[in-house]
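Chemist: For reference, the structure I am asking about is given below.
None of the figures in this text is laboratory data; all of them are computed from the coordinates on show. This is a predicted model, so every value here is computed, not measured. We place every Cβ from the backbone using ideal geometry, glycine too, and count neighbours over all the protein chains shown.
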Amino acid sequence: MPVPAPYGTGLEPMGSYHVTTFGCQMNEHDSERMKGMLESLGYEEAAGRADADLILFNTCSIRESADNRFIAHLGEAKRLKSEDPERIVGVGGCWAQSVKDEVFERFPFVDVAFGPGQIHRLAEFLTQDSLTAQGYFEFEDFSGHLPAKREREFQGWVQISVGCNCRCAYCIVPQTRGREVSRDPHELIAEIERLAADGVTEVTLLGQNVNSYGRDLPKESRITFAELLGQVDAVDGIGRIRYTSPHPKDIREDVILAHAELPALCPHIHLPLQSGSSRMLKAMRRTYNRQRYLDRVAQIREHVPDCALTTDIIVGFPGETEEDFAATLEVVDEVGYDGAFTFIFSPRRGTEAATMADPVSHPVKRERMERLVELVQRRAKERAQRFVGRSVEVLVEGPSRTDPARLRGRSSHNKTVNFEGTAQPGEFVDVEITSATSTTLAGHEKLLSRVP
Ligand code: SAH
Ligand code: SF4
Ligand code: F3S
């Protein structure tokens, strides 16, 4: 397999690439930008790793399981590289950033490694004459303005800030993504206008702590997150706005009111709880306590009564007692989340919590996790019953995963909806909901219901 020539003729492809993505939406979006950049260099997407000249991994390091999953895949890349040494293997993303040049010592077959802030450097690497192993790990502002290759033409992600200034004791992200830097609002709105002109109707704004958006901007361009939401809402063609994640310490009434006032802003807030115990929250350095969190929830329910609420919860943080865990169960019961991501605490290198004494055994953590999941699902199922008998607007994404004869889409509350109908991906349709589980709604397109 030839090494891609540094400068393409524009007529034939420079080579083929394959990207595997691990981790959060931010990484998925970074992969879209990697793909966009590679295609603008003349590369084509390969169907599988075995067909690719350039094998890329966009990694995550949030929990140990994320590291392990990726390392298992890397074995296949090693084999493919040994079969064809001219193939290029690249490792980007948060895991790469967290181990930096160690990547090359541990995995000598890797040719290029780069952190999440250095995606654009991949192009530099690929177009230089000598392809000697190279690592790129500086933090800059936003990582270049790369065209994204979107998975669905009608959905777009927009990164409003990079990095995180919080210091949650368990979290590796501040190390892997650096300090928080907000992007200029004019630039963001121009990007969203371009997306809308290109057929995007749903945008998801991404940041580690979207509520602190803008605080680091120069005075003349500084706006708040709520103001940004207002400006995005005003963009013609944008029918739905989502964002993730708000931090409970920073979410303000103006953002909650925006949910009540802005027609395009979806009635869904993902508000990571982490623990219902104030003692644990303090140890985690979340800088809010149980009451403050519940006050925010009350404020949301007051202004946007039907708003869907989802959350993230960590079980078994070092020193979590049965009493602390019971406090988490209480909050979950009281709030009644529409859904929750639940994680067993995983010590991460370089974080404060990794050095904390942890007397809680793994079986105890597993057992707590089971109890938590049972409660989360029961409450989510109860909450979901409010949609039964209602007509909800669904953005169609494609065929149902379980039954290809049906369609799948998402409601504005961010529920997956499987339904009978004839709509095409990208269309908004009204669906009559006939049943609900903890995670999905089922029904039929409104028009169909009138057909005898
Ligand atoms: N910036 C986002 C969270 C990003 S990480 C926020 O603060 O909302 C997504 C979730 O992973 C976190 O909310 C947390 O619940 C979980 N998580 C992060 N580090 C973890 C660790 N070391 N062990 C277990 N779960 C963790
Ligand atoms: Fe991690 Fe906390 Fe920042 Fe979220 S807010 S990315 S959990 S440090
Ligand atoms: Fe996301 Fe994983 Fe990095 S969750 S920010 S890709 S560590």
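Chemist: Does segment 119-255 come out rounded, prolate or oblate, given a ≥ b ≥ c as the square roots of the eigenvalues of its C-alpha gyration tensor, rounded meaning a/c under 1.5 and, failing that, prolate meaning a/b above b/c?
Modeler: Here segment 119-255 falls in the oblate category.
Chemist: Using the Karplus equation 6.51 cos²θ - 1.76 cosθ + 1.60 (θ = phi - 60°), what ³J(HN,Hα) coupling, rounded to whole Hz, does each residue of segment 433-438 give in order, writing x for Gly and Pro?
Modeler: 8, 10, 7, 8, 9, 5
Chemist: Whose amide H sits under 5 Å from the amide H of residue 265, counting only residues 5 or more places off or on another chain, with H placed in the peptide plane?
Modeler: The answer is 241.
Chemist: Fewest first, what order do 130, 161, 212 take by the number of other Cβ atoms within 10 Å?
Modeler: 130, 212, 161
Chemist: Report, by chain and number, residues whose modeled amide H sits under 5 Å from the one on residue 88, excluding near sequence neighbours (fewer than 5 apart, same chain).
Modeler: 54, 55
Chemist: Could you give the size of the charge dipole of the chain about its Cα centre, using +1 on the Cβ of each K and R and -1 on the Cβ of each D and E, expressed in debye and rounded to the nearest 20? Working shown, then result.
Modeler: Values: 54 positive and 68 negative charges, 274 e Å.
The dipole magnitude comes to about 1320 debye.
Chemist: Zone of residue 100 (label point 7 Å along Cα→Cβ, backbone N under 17 Å): which residues in segment 158-202?
Modeler: 172-179
Chemist: When ranked by the protection proxy of mean other Cβ atoms within 10 Å per residue, highest first, what sequence do the peptides 100-112, 434-446, 347-359 form? Mind showing how you got there, number by number?
Modeler: Details: 100-112: 16.4, 434-446: 18.0, 347-359: 14.5.
Ranking, from highest mean packing down: 434-446, 100-112, 347-359.
Chemist: Using helices alone, what [θ] at 222 nm do you get for the chain, with -39,500 (n - 2.57) per DSSP H run of 4 or more residues, divided over all residues and rounded to the nearest 500? All intermediate terms of the calculation are to be shown ahead of the outcome.
Modeler: Numbers: 14 runs with 151 residues, N = 452.
Result for the chain: -10000 deg cm²/dmol, rounded to the nearest 500.
Chemist: Is the shape of segment 244-401 best called rounded, prolate or oblate, per the rule: a/c under 1.5 gives rounded, else a/b larger than b/c gives prolate, else oblate, with a ≥ b ≥ c the square roots of the Cα gyration tensor eigenvalues?
Modeler: prolate
Chemist: My understanding is that a pair violates if its Cα-Cα distance is over 23 Å; which of 282/365; 35/81; 415/446; 282/415; 381/415 do that in this structure? Mind showing how you got there, number by number?
Modeler: Values: 282/365 20 Å; 35/81 21 Å; 415/446 17 Å; 282/415 32 Å; 381/415 12 Å.
In this structure, 282/415 lie more than 23 Å apart at Cα.
Chemist: Exposure proxy check: 293, 213 ranked by fewest other beta carbons within 10 Å?
Modeler: 293, 213
Chemist: Among rounded, prolate and oblate, which fits segment 388-450 when a ≥ b ≥ c are the square roots of the eigenvalues of its C-alpha gyration tensor, a/c under 1.5 means rounded, and a/b larger than b/c means prolate?
Modeler: Because its axes are fairly even, with a/c under 1.5, segment 388-450 counts as rounded.
Chemist: Under 5 Å between amide hydrogens, which residues at least 5 positions from residue 435 or on another chain qualify, with H placed 1.01 Å from N in the peptide plane?
Modeler: 442
Chemist: Pick out, from 114, 22, 65, the residue whose Cα sits farthest towards the positive end of the charge dipole of segment 1-123, with +1 on the Cβ of Lys and Arg and -1 on the Cβ of Asp and Glu.
Modeler: Working it through, the farthest residue towards the positive pole turns out to be 65.
Chemist: Okay, next question. I'd like the Karplus ³J(HN,Hα) series for segment 406-419: coefficients 6.51, -1.76, 1.60, θ = phi - 60°, whole numbers in Hz, and an x wherever there's a Gly or Pro.
Modeler: Here the 3J(HN,Hα) series is 10, 10, 10, x, 10, 7, 5, 6, 6, 8, 6, 10, 9, 8 Hz.
Chemist: I would also like to ask the following. Taking 0.36 nm per intervening residue step and subtracting the Cα-Cα distance, what contour gain separates residue 252 from residue 71 on full extension?
Modeler: 61.1 nm
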